[in-house]
Each structure stands twice: as structure tokens, then as C-alpha cells.
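Inspection log for the structure reproduced underneath, given as C-alpha cells.
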Amino acid sequence: MIDLCGDKPISEYTKEDANAFRDNLIERGMAGSSIVRIFGTVRSVINFAVAEEGLDIRNPFGKVYFDRN
């Protein structure tokens, strides 16, 4: 994710970054189940950082649509 979207503060990631990350995983030919697992991990890390730092932001990696098949 950092290679594609850049290494920036959590609050600066956008929905466009999340969509670009999703599209990159699809272009790499990953299975839907792998994309679900990877997105779950990224979402969890961001949620943890947001909670630990007390940030008031919405997770841009949440509610990203992709075909799980």
C-alpha cells in the first residue's frame, strides 16, 4: 500500500488511495478472497492507529466495493 499510495500520515489517505490500491490488487490477478484478507488487514491497522491516536477521521479503506469472486 505504501509503495502505491505513499508513506503519509493516516489522516491524509483518501478514498482515491483505497480505490487505487484495490485496482492494483485486481490488476495483479489476486483472488477475491486474497483481496478481502488484505483489505481487512489494512482496515484493521488504520482503525487501530485512529483509536490509539484519538483521531476523528473516517477510515478511507472501509466500504470499498470490489467483486469478491
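Observations on the structure shown:
- Lys/Arg +1, Asp/Glu -1 at C-beta; the chain dipole; positive extreme among GLY32, GLY62, ILE46: GLY32
- Rounded to the nearest 500, the helix-only mean residue ellipticity at 222 nm of the chain stands at -18000 deg cm²/dmol, with each DSSP H run of n ≥ 4 adding -39,500 (n - 2.57).
- Assigned charges on the beta-carbon of Lys, Arg, Asp, Glu; the stretch 2-53 dipole about Cα centre (debye): 280
- ³J(HN,Hα), Karplus 6.51/-1.76/1.60, whole Hz, each residue of the stretch 49-55, x for Gly, Pro: 4, 4, 5, 5, 8, x, 7
- The string of couplings for the stretch 16-28 from the Karplus curve (6.51, -1.76, 1.60, θ = phi - 60°) is 5, 4, 4, 5, 5, 5, 4, 4, 5, 5, 5, 4, 6 Hz, one whole number per residue in order, with x for Gly and Pro.
- Cα→Cβ-extended label distance, 7 Å offset, between ILE26 and ASP56, nm: 3.5
Laboratory data are not the source of any read-out in this text; all were calculated from the coordinates shown. Because the structure is predicted, anything quoted here is derived from the model rather than measured. All Cβ positions, glycine included, derive from the backbone under ideal geometry; neighbour counts span all protein chains shown.
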